[in-house]
Amino acid sequence: RAGCQNHTVEEWRKYSKQEIAEMDGRKALKFYPRLLDIIDFYIGKGERPDWLTSKEYADEVTE
């Protein structure tokens, strides 16, 4: 659970950029990698969406 969102670990790991943005806009996009870090800490290292490593994503969250 993050904020008012309640999903399985598998669901959190597979969300698209659009789905995360629809949750809380840019704020959610910036928080999402941290949320995955927290999940990794407790559950173990897991998959991350490819869009998290894209230059487009990096540019968007640093603007």
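The values are calculated or read from the model by the stated rules, or taken from the named source; none is laboratory data. These numbers were taken from a predicted model, which means no experiment stands behind them. Methodologically, a virtual Cβ is constructed for each residue, glycine included, from the backbone with ideal geometry; neighbour enumeration extends over all protein chains shown.
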Worksheet item: Residue check: is Asp59 assigned to a helix (DSSP H, G or I), surrounded by 12 or more Cβ atoms within 10 Å (Cβ to Cβ) and acidic (Asp, Glu)?
Response: no
Worksheet item: Name the pairs: first residue in segment 27-40 and polar (S, T, N, Q) and surrounded by fewer than 16 Cβ atoms within 10 Å (Cβ to Cβ), second residue modelled with pLDDT under 95 and in a helix (DSSP H, G or I), Cβ to Cβ under 9 Å, at least 6 apart or on different chains?
Response: none
Practice prompt. With respect to Ser16, determine if the residue is over 12 Å from the mean Cα position of the chain (by Cα), surrounded by 10 or more Cβ atoms within 10 Å (Cβ to Cβ) and not hydrophobic (A, V, I, L, M, F, W, C).
Written response: no
Worksheet item: Do the conditions hold for Ala58, that is, is it over 9 Å from the mean Cα position of the chain (by Cα), of a type outside the set (Val, Ile, Thr) and under 21 Å from Asn6 (Cβ atoms)?
Response: no
